[in-house]
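Q: Below you'll find the structure I mean.
The values are calculated or read from the model by the stated rules, or taken from the named source; none is laboratory data. Keep in mind that what you see is a predicted model, and the values were worked out from it rather than measured. Using ideal geometry, Cβ is built from the backbone for each residue, glycine included, and neighbour counts are taken over all protein chains shown. Surface accessibility is based on the protein's heavy atoms, side chains included, excluding ligands, DNA and RNA. Shrake-Rupley method; radii C 1.70, N 1.55, O 1.52, S 1.80 Å.
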Amino acid sequence: MKPGQDLVVAGFVGLEGVRQIARAREKELCGWFSIEYVRQMQTCSNVVLDQNPEYWKGLGATEWEMAGEGGIYTALWNLSGAYMAGFQIDLYQIPVKQETIELCERFDLDPYRLYCGNCMVLATDNGGHMVEALAQEGIVSSWIGIVKQGAAREICYGQVHRFMDRPREDELYKILKKEIQ
């Protein structure tokens, strides 16, 4: 990964967290949403991403990081930290399902800090080509930004520009801890 490369996200953010919360809080969620919508949250699908490095290299990736615990923000932090590089991303370009947004709004959670499953951040020389190749494979993806010189990790959304904070505990634990108590 080096300055000037594009960053691409493959898959949707937060889906595993949504599934777990929807299962743990089904009764409560049914007070806000239809049972069908809650069931959709419990089973929301995402294409299973190939774990073979040769697959990603063949699509043009030079480096990648699976997003899991801590969400997409942790994956971005880890990837940029490993290469001592910064980035600038457009938050609005990150693929997120409506179910994730609605569930996160109900529980005051950050979808970008929520446990992901089958979601990956990739560095590549040509993000447009990678997004096109992933679409042909049936994988939702989006160009989200660029790798930059230095250590600054900048997040943009609309006219707002801010710097990323260090990763924190996964948003999922805010809900699971309440379930245990």
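Q: Take Glu102, Glu169 and sort them by solvent-accessible surface of the protein heavy atoms, 1.4 Å probe, largest at the top. List each step's numbers first, then the result.
A: Working: Glu102 50, Glu169 100 Å².
Heavy-atom accessible area, descending, gives Glu169, Glu102.
Q: Tell me the net charge near Tyr73. Cut-off is 13 Å between Cβ atoms, Tyr73 excluded, with +1 for each Lys or Arg and -1 for each Asp or Glu.
A: -3
Q: In bins 10 Å wide, starting from 0, what share of all Cα pairs of region 62-109 does each bin hold, as a percent?
A: 21, 48, 24, 6
Q: While we're looking at this one, here's another question. Which ³J(HN,Hα) values in Hz, rounded to whole numbers, follow from the phi angles of region 29-35 under the Karplus curve 6.51 cos²θ - 1.76 cosθ + 1.60, where θ = phi - 60° and Gly and Pro get x?
A: Whole-Hz 3J(HN,Hα) from phi for region 29-35: 5, 5, x, 10, 10, 5, 4.
Q: Principal axes first, then extents: for the Cα atoms of region 36-115, list largest minus smallest coordinate on each axis, whole Å, largest first.
A: Cα spread of region 36-115 along its principal axes, largest to smallest: 41, 25, 21 Å.
Q: Moving on. Using a 1.4 angstrom probe on heavy atoms only, work out the carbon and sulfur share of the accessible area of region 5-108 in %.
A: That fraction is 48 percent.
Q: Need the full-extension length gain, Val140 to Lys174, defined as separation in residues times 0.36 nm minus the C-alpha distance. One decimal, nm.
A: Taking 0.36 nm per residue and subtracting the Cα distance, the gain is 9.4 nm.
Q: Around Leu122, under 9 Å between beta carbons, what's the net of Lys plus Arg minus Asp minus Glu among the other residues? If you can, show how the numbers build up before the last one.
A: Working: positive: none; negative: Asp6, Glu63, Glu65.
Local charge sum for Leu122: -3.
Q: Still on this structure, I have one more. What size of dipole, in debye to the nearest 20, comes out for region 69-117 about its Cα centre when the only charges are +1 on Lys and Arg C-beta atoms and -1 on Asp and Glu C-beta atoms?
A: 160
Q: In debye, nearest 20, what is the charge dipole magnitude of the chain about its Cα centre with +1 on Lys and Arg Cβ and -1 on Asp and Glu Cβ, if you could check?
A: Roughly 420 debye for the chain.
Q: Quick one: compute the contact order of the chain, relative version, from alpha carbon pairs under 8 angstrom and 6+ residues apart, as a percent.
A: Rounded, it is 40 percent for the chain.
Q: Let me ask something else about it. With θ taken as phi - 60° and the coefficients 6.51, -1.76 and 1.60, list the Karplus ³J(HN,Hα) couplings across region 164-175 in order, rounded to whole Hz; mark glycine and proline as x.
A: Once θ is set to phi - 60°, the couplings for region 164-175 become 5, 7, 4, x, 10, 4, 4, 4, 4, 5, 4, 7 Hz.
Q: Need the full-extension length gain, Cys156 to Gln93, defined as separation in residues times 0.36 nm minus the C-alpha distance. One decimal, nm.
A: Gain in length upon complete extension: 21.7 nm.
Q: Hey, another quick one. Which value in Å does the Kirkwood hydrodynamic radius of region 1-51 take, with 1/r averaged over all unlike C-alpha pairs and then inverted?
A: Here the Kirkwood hydrodynamic radius works out to 13.0 Å.
Q: Could I ask something else about it? No partner Cβ under 4.7 angstrom, meaning no disulfide-compatible partner by this rule: which Cys of the chain qualify?
A: Isolated Cys, the chain: Cys30, Cys44, Cys104, Cys156.
Q: Taking the radius of gyration and the Kirkwood hydrodynamic radius from Cα positions alone, what is the Rg/Rh ratio for region 90-143, to two decimal places?
A: Over the Cα atoms of region 90-143, Rg/Rh equals 1.02.
Q: Equivalent ellipsoid semi-axes for the chain, as square roots of 5 times the alpha carbon gyration tensor eigenvalues: give them largest first, rounded to whole Å.
A: Semi-axes from the Cα gyration tensor: 29, 18, 14 Å.
Q: Next up: Taking a probe of 1.4 Å, how large is the accessible area per residue of region 1-111, in Å²? Spell out each step's value before the answer.
A: Values: 4990 Å² over 111 residues.
On a per-residue basis, 45 Å².
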